[in-house]
Each structure stands twice: as structure tokens, then as C-alpha cells.
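Let me begin by presenting the structure, written as C-alpha cells, before commenting on it.
The values are calculated or read from the model by the stated rules, or taken from the named source; none is laboratory data. Since this is a predicted model, take the numbers as computed values, not measurements. Counting neighbours? That spans all protein chains shown, and the Cβs are built from the backbone with ideal geometry, glycine included.
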Amino acid sequence: MNADDFLSLPETEARFELVNGVVLMSPSPRPRHWRFVQEILIQIQTFARPLGGFDTYAEVDVRLDDSTVYQPDLAVYARTPAIKPPERLTSPPDLVVEILSPGSKAFDLATKRDTYERFGVKEYWAIDPQDGSEPSGLRVRSWRLDLARYVETAADGDRLASTSLPGFVLDLAPLRAMSGV
């Protein structure tokens, strides 16, 4: 299937993505997953409000090319939202955030990461709230686009500074508290 055909399908509550021309379905996020997305979204919106806001979308289709449409947990454009939102998201977001689930972790860390890099997403955060290798249970991975390639960046303690949203620093402490380890 191509992206135009995929995007012409009627809206549904089921979660579908188009990956290399193949439609994949996955369960909708669990409430715990949504709380992580919500916390990040609130922090970004609070930061952006005095600036006029950012164009932010949670779980909305983003057309990446003719055979790929992903539905990231959060897509952020560092621009003031238009009065009328676009019909479709077809330009690369400045920031994409994925909250990893056990069943999608490998896909999010490899396939999606590579696709976001190729598409020109300026910054990609992959947040794993259930990583047993971290004392808090939370592992944060961040990449920024540098000369068309992703370069991994690190959090500074409980702070993750964004390179695509100048001046924004994500406070990781509430996320660590929610990870519950």
C-alpha cells in the first residue's frame, strides 16, 4: 500500500502504521504509557506558552515518504501553531518522542530511528520506562541531527536539553518517579 492510499482510509480507534508499504497494527497505548507522553507534553507546552506555543501532536499520523506513515507518541514543531491545523503532517517534526514498550522497543530503536534520521527529524527521543539496567527503571536515549546523521546526546542527570527546541530542558525527575522502580 502507498501512503496516499493509507491516509485515505477512514479514521479508526485502532492504531495502524504504514511501514515500507505494509500496514501494521498495534494495540493502543496503556494508561501508564500515556502518562509519560502527557508529562512530556505538559512540560513542552508550559515552556512554549510564553513564546506563543509550539505545534504539538500526540499519536497523529506523520507521512514520512510514499511508503511510510508513522504515528509517533509525540511530534513537535518549533513554530507557533496555525489557527487552522494542517490536514496532514507531511513535513519532518523538529522533535519526535517515542515511549518504548517491550513489544516495540527494537522497532523504535532501530527501524524508526533510522527512518526519522533519513526523513530529517531534527531530534529523536526514545524513553524506556521499564529498563532494568537503570537504577530508576527509566532509560532515556536522545539523538540530534548533525549533517544529516544522528549523533547521540546524553541527559545531564535529571535534565535533557533539547537541541531542536532552543531553551527547552525536559525535567526527567517526574518521569523517573513514574517509572516506579
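Residue-wise test of (1) of a type in the set (Asp, Glu); (2) farther than 26 Å from Ala148 by Cβ; (3) within 15 Å of the chain's Cα centre (by Cα).
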site	(1), (2), (3)
Asn2	no, no, no
Ser8	no, yes, no
Thr12	no, yes, no
Ser26	no, yes, no
Arg30	no, yes, no
Ile42	no, yes, yes
Tyr70	no, no, yes
Ile83	no, yes, no
Glu87	yes, yes, no
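Inspect region 133-148 for any residue being β-branched (Val, Ile, Thr), on the phi < 0 side of the Ramachandran plot, assigned to a strand (DSSP E or B) and touching a residue at least 40 places away in the same chain (Cβ under 8 Å) and give the result as yes or no. Checking region 133-148: not a single residue is β-branched (Val, Ile, Thr), on the phi < 0 side of the Ramachandran plot, assigned to a strand (DSSP E or B) and touching a residue at least 40 places away in the same chain (Cβ under 8 Å). I'm trying to understand the selection: among the residues of region 149-168, which are without any contact (Cβ under 8 Å) to a residue 60 or more places away in the chain and assigned to a loop (DSSP other than H, G, I, E, B)? Within region 149-168, Ala154, Ala155, Gly157, Asp158, Thr163 meet the criteria. The set of residues in region 140-153 being surrounded by fewer than 18 Cβ atoms within 10 Å (Cβ to Cβ) and either at pLDDT below 90 or touching a Gly at 6+ places or on another chain (Cβ under 9 Å) (or both) consists of Ala148 alone. None of Asp128, Asp108, Asp171, Asp114 is over 20 Å from Thr46 (Cα atoms) and loosely packed, with under 15 Cβ neighbours inside 10 Å except Asp114.
Taking region 10-58 as the range and being at pLDDT below 90, within 23 Å of Thr115 (Cα to Cα) and among the charged types (D, E, K, R) as the test, the residues that pass are Arg15, Glu17. Closer than 19 Å to Arg144 by Cβ, under 13 Å from the mean Cα position of the chain (by Cα) and part of a strand (DSSP E or B) - does that describe any residue in region 45-63? Checked region 45-63: at least one residue is closer than 19 Å to Arg144 by Cβ, under 13 Å from the mean Cα position of the chain (by Cα) and part of a strand (DSSP E or B). Only one residue in Arg49, Arg63, Arg35, Arg79 is touching a strand residue (DSSP E or B) at 6+ places or on another chain (Cβ under 6 Å), more than 22 Å from Leu7 (Cα to Cα) and either basic (Lys, Arg) or in contact (Cβ under 8 Å) with a residue 60 or more places away in the chain (or both). Which one? Within the list Arg49, Arg63, Arg35, Arg79, the selection yields Arg79.
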